[in-house]
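Chemist: My questions all concern the structure below.
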Amino acid sequence: FDFCQAEGKKRPSENLGQVLFGERIEPSPYKFTFNKKETCKPVCTKTYDTTKPEDKQKLDFLKKSMLLNYQHHWIVDNMPVTWCYDVEDGQRFCNPGFPIGCYMTEDGRPKDACVINSEFHEKDTFYIFNHVDIKIYYHVVENEALGARLVAAKLEPKSYKHTHPDNPDCSGAPMDISNKANGEVKIAYTYSVSFKEEKAIRWASRWDYILESMPHTHIQWFSIMNSLVIVLFLSGMVAMIMLRTLHKDIARYNQMDSTEDAQEEFGWKLVHGDIFRPPRKGMLLSVFLGSGTQILIMTFVTLFFACLGFLSPANRGALMTCAVVLWVLLGTPAGYVAARFYKSFGGEKWKTNVLLTSFLCPGIVFADFFIMNLILWGEGSSAAIPFGTLVAILALWFCISVPLTFIGAYFGFKKNAIEHPVRTNQIPRQIPEQSFYTKPLPGIIMGGILPFGCIFIQLFFILNSIWSHQMYYMFGFLFLVFIILVITCSEATILLCYFHLCAEDYHWQWRSFLTSGFTAVYFLIYAIHYFFSKLQITGTASTILYFGYTMIMVLIFFLFTG
């Protein structure tokens with residue numbers, strides 16, 4: 001965008017999480033001195049001559065951004081500068097950004113932010129917010145050395161057509177850019193700043209006013225109750241089945257004296273000679289289990305820290321950095337779990353197993369990420385990740401994660417294979433004709449519904465925070481939902497596994513992985529629905545980016561739930 005640039009200041013450095021999420025912080029040309037009031041101070045003037053093609057292109061780009069309601073995001077002392085306005089029910093909403101400008105349609109309807117001023121009435125016209133009134137609230141620290149701390153920064157965007165750009169007075173008509181404007185367009189950017197002492201807000205709780213104006217906590221409680229009901233229902237079912245069947249069976253075995261009665265076994269006891277037959281493609285299953293364990297522990301620890309408040313939105317990029325570092329350090333459990341399962345499946349090719357655990361799932365994610373980065377780089381986006389960071393990520397992966405995976409696998413293969421309580425028969429049993437709901441596919445599709453029902457409201461807020469730049473701070477809720485999700489996945493799988501073992505189908509390993517793993521497919525469907533219903537994304541590159549990043553999330557989620 002062609003706004004005022006700050007001269008010669010170097011950019012603040014970002015941490016790994018910010019770089020990966022494409023957050024770039026630029027120095028600003030708006031200069032404040034503490035407690036020094038400024039009124040209508042000029043920053044710079046931009047002139048566009050629409051007869052010149054490059055000027056026209058810049059102006060058209062500005063217009064397009066106003067049409068799509070693009071926002072400025074400003075930071076003072078690590079606090080977002082917010083624009084607070086009244087919404088319905090007498091509530092104040094504080095937006096951590098403010099629009100570049102707004103558009104009046106051809107039939108004179110105001111779009112987005114144009115409703116704030118009745119002077120915006122020209123049809124088919126853009127109004128640019130070229131002046132801001134900034135109010136900085138501080139409180140003086142009483143007991144320590146003399147000094148003041150910033151507790152809030154708010155602004156009001158205004159639009160003025162400055163008649164004398166060199167000596168502006170910030171009054172008069174708004175700065176309108178007609179859609180059909182020709183000739184020269186001059187936009188002068190100005191600002192006013194005032195300071196106000198605010199004794200009521202403590203420095204530690206200065207984020208509260210932004211978070212309070214974000215609604216939706218009551219929806220959260222509703223969704224948590226909804227999920228808890230599902231969990232109770234499932235737990236009841238599992239407990240009932242376990243108690244009833246096991247109780248019955250044990251009672252029946254205790255009554256048996258003579259041997260001829262022991263022949264009439266039924267249901268899941270018929271398959272005891274086949275139950276531990278190694279699954280088809282056991283290599284892939286063990287690799288998935290290893291990677292899934294890695295992601296499960298990573299998510300648990302990250303959310304636990306977030307709950308304790310270490311990863312609040314105030315530490316920018318902390319969440320992502322924490323997750324990546326944990327993932328790298330958790331190579332050992334991945335290697336260990338994969339090796340244990342592979343050995344118990346009777347696998348011999350342990351080298352292939354270790355290499356696949358280290359490279360298959362991370363490789364897919366990295367390849368996807370790299371392609372997305374190429375697209376960003378081709379579009380000239382500021383969110384493209386610099387080459388140095390990519391090298392750093394590869395170094396983390398190859399020099400830390402891979403050796404740790406090898407260590408884990410070494411211990412996994414050294415231990416004896418998991419002992420099975422029953423021997424496997426030489427000849428596989430024939431599986432009888434299955435009814436519709438114990439066939440593999442319907443069972444898997446049914447299995448994903450319940451876990452997805454637990455998380456989908458939370459998912460809406462997470463997607464909003466990723467794509468619509470809303471703050472996400474409800475980590476307490478998220479941790480609860482995470483625990484509920486883990487329980488629901490396990491219980492739904494146990495239930496369905498029991499049903500198809502009763503139907504004498506003993507291929508349970510892949511089915512139990514895919515039953516809850518299918519939640520990821522519902523997640524994908526939801527993400528597609530979100531894309532079409534909530535986001536106004538145009539252009540091929542943006543669409544590819546959305547689905548590219550969504551696929552990474554879906555894969556991680558698949559391994560995690562499975």
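Chemist: Specify the angular offset, from 0 to 90 degrees and rounded to the nearest 10, of the alpha carbon long axis of helix 402-414 from the longest principal axis of the alpha carbons in the chain.
Modeler: So the helix axis and the longest Cα principal axis differ by about 10 degrees.
Chemist: Between 0 and 90 degrees, rounded to the nearest ten: what's the tilt of helix 440-467 against the longest Cα principal axis of the chain?
Modeler: For 440-467 against the chain, the angle is about 20 degrees.
Chemist: Filter the cross-link list 351/414; 9/31; 31/154; 64/123; 10/56; 58/158 down to pairs whose alpha-carbon distance in this structure exceeds 19 Å.
Modeler: 10/56; 58/158
Chemist: Shifting gears a bit: Using each residue's phi in region 357-370, evaluate 6.51 cos²θ - 1.76 cosθ + 1.60 at θ = phi - 60° and report the 3J(HN,Hα) Karplus result to the nearest Hz, with x for Gly and Pro.
Modeler: Residue by residue, region 357-370 yields 4, 6, 10, 5, 5, x, x, 4, 4, 5, 4, 4, 4, 5 Hz.
Chemist: Provide the percentage of antiparallel DSSP beta bridges, counting only those with both residues in the chain; round to the nearest 5.
Modeler: Details: 35 of 44 bridges.
Of all bridge pairs located within the chain, approximately 80 percent are antiparallel.
Chemist: Something else now. Hey, what's region 88-189 come to in accessible area per residue, 1.4 Å probe, Å²?
Modeler: 52 Å²
Chemist: Enumerate the amide H contacts of residue 76 below 5 Å, restricted to partners 5 or more residues apart or on another chain; note that Pro and chain-start residues carry no placed amide H.
Modeler: Result for residue 76 returns 81.
Chemist: To continue, here is another question. Can you tell me the accessible area per residue over region 279-417, all protein chains present, probe 1.4 angstrom, in square angstrom?
Modeler: So region 279-417 comes to 49 Å² accessible per residue, rounded to a whole number.
Chemist: Now, a different point. For region 297-380, with all protein chains present and a 1.4 Å probe, just round the carbon and sulfur fraction of the accessible area to a whole percent.
Modeler: Carbon-and-sulfur percentage of accessible area, whole number: 76.
Chemist: Next question. Could you rank 86, 2 by how accessible they are, 1.4 Å probe, largest area first?
Modeler: Most to least solvent-accessible, the answer reads 86, 2.
Chemist: In region 31-210, what percent of the accessible surface is made up of carbon and sulfur (1.4 Å probe, ligands and nucleic acids excluded)?
Modeler: 48 percent
Chemist: Against the longest alpha carbon principal axis of the chain, how many degrees, from 0 to 90 and to the nearest 10, is the axis of helix 282-307 turned?
Modeler: 50 degrees
Chemist: Turning to a different aspect of this structure: Suppose R0 equals 30 Å. What FRET efficiency, 1/(1 + (r/R0)^6) with r the Cβ-Cβ distance, do residue 250 and residue 284 give to the nearest 0.05? Spell out each step's value before the answer.
Modeler: Details: r = 37 Å, r/R0 = 1.24.
So, using R0 = 30 Å, E works out to roughly 0.20.
Chemist: Determine the per residue accessible area of region 488-528 with all protein chains present and a 1.4 angstrom probe, expressed in square angstrom.
Modeler: I get 32 Å² per residue for this part.
Chemist: Just checking the chain: which Cys have no other cysteine's beta-carbon under 4.7 Å?
Modeler: Unpaired cysteines in the chain: 307, 322, 361, 399, 454, 489, 497, 502.
Chemist: As a check on your grasp of the helix formula, calculate [θ] at 222 nm for the chain: sum -39500 (n - 2.57) over DSSP H runs of n ≥ 4, divide by the residue count, round to the nearest 500.
Modeler: Theoretical 222 nm ellipticity from helices: -16500 deg cm²/dmol.
The values are calculated or read from the model by the stated rules, or taken from the named source; none is laboratory data. Quick caveat: nothing in here was measured; it's all calculated off a predicted structure. For neighbour counting, all protein chains shown are included, and Cβ atoms are generated from backbone atoms with ideal geometry for every residue, glycine included. When the accessible area is computed, the model is the full protein with side chains, heavy atoms only, and any ligands, DNA or RNA have been set aside. Shrake-Rupley method; radii C 1.70, N 1.55, O 1.52, S 1.80 Å.
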